[in-house]
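Rule-based calculations on the coordinates, nothing more; no lab input. Since we're looking at a predicted model, the values are computed, not measured. All Cβ positions, glycine included, derive from the backbone under ideal geometry; neighbour counts span all protein chains shown.
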Amino acid sequence: MTSMRGQPVVLTDETPAIGTGTPAIQESRFDLRAYLSERQALVEAALERSIAVVYPEKIYEAMRYSLMAGGKRLRPILCLATCELAKGTVEMAMPTACALEMIHTMSLIHDDLPAMDDDDYRRGKLTNHKVYGEDIAILAGDGLLAYAFEFVATQTVNVDPVQMLKVVARLGRAVGPAGLVGGQVVDLESEGQGNVTLETLNFIHNHKTAALLETSVLSGAILAGATDCDLQRLSRYAQRIGLAFQIVDDILDITATQEELGKTAGKDLRAQKATYPSLWGMEASKQQAKTLIEDAKSELDVFGEAAQPLMSIADFITARTH
Ligand code: GRG
């Protein structure tokens, strides 16, 4: 795959998924694999330090079980990348980056519950409720959500408090009824309905998936004091990669194995869920994801070389295998 902006080749179908030990990307001036693994290591270390196990140990262990279970760490990496793009530092953004991963992880724990999507596996491991029981899994999700906000408020350094408050407000909006919760409700209501429209499908995924990705992209830039104009560009980039991410997720649910996904494959079909491939077909879905990624990248032209990590992460979204 060649970058639209004349940048060297970044990704191919053999591109390794983040965190897997697959071959290096060849002939890339910007080494996405090295960038991602370095960023992933920073995030893992910060997450590792973020939660200590104290009394009552069970809840902290349950929170850590899912938080430290792997995952691509895409949301924190996006947050760090936009903070640096806007001339901020990793240190400024790391507490927010960790909070984004805590929120994302809590949404996965709750999504996997029998009352929601009902899955036994996540990130290649048994789901939280399978290990700790439904009661503790619900509380582990609640604990991670509350702690995410405490973590941003108490751990953020070298950031204008006004900017930090803007980030806290965005995080709240992204998880609440105007974000993940709203998307999940419409998703649950739509399950098994034969007549889900594209408008409804877009609503679900703009809220369930794209909202937190957009907040990840914007929060790093907000912490660094980016201009409104740059935030608008980044917002358009984020909305496009967010939707592309979900289209690819729907495709992978059909094409990838349980081992690749780390969770049960083929669930959408069995649950009679409307997906992009079910509405558009497989080829048109792939094409749409590619178009969205190219459109997303075109929003970054103005940032020049400094946007290379965000450009390459966009490419990674369509090339990923899990
Ligand atoms: C947020 C208060 C609150 C409640 C949760 C359950 C729920 C409401 C929302 C569901 C949100 C959800 C599970 C959306 C799916 C998003 C998605 C595509 C997840 C997969 O993300 P990856 O591929 O996963 O980045 P890894 O494991 O790599 O981090």
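Tabulated results
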quantity	calculated
Under the Karplus curve 6.51 cos²θ - 1.76 cosθ + 1.60, θ = phi - 60°, whole-Hz ³J(HN,Hα) for segment 299-305, x wherever Gly or Pro sits	5, 9, 3, 4, 8, x, 4
Convex hull (Cα only) mean projected area of the chain, reported in nm² to one decimal	15.1
Tensor-based shape of segment 171-277 (alpha-carbon gyration tensor, a/c under 1.5 rounded, otherwise prolate or oblate)	prolate
Cα-Cα over 20 Å, subset of 208/273; 72/130; 267/290	72/130; 267/290
Normalised alpha carbon radius of gyration of segment 91-242 [divisor 2.2 N^0.38 Å]	1.11
Förster radius 45 Å - calculated FRET efficiency between residue 160 and residue 134, Cβ distance, rounded to 0.05	0.60
Percent RCO, i.e. relative contact order, over segment 157-279, from Cα pairs under 8 Å lying at least 6 residues apart	29
For the chain, built as a Gaussian network whose Cα springs stay under 10 Å, the top-fluctuating residue of 43, 248, 185	185
More than 23 Å apart - percent of Cα-Cα pairs taken over segment 58-180	32
Listed residues 147, 246, 60: farthest to the positive end of the dipole of the chain (Cβ charges)	147
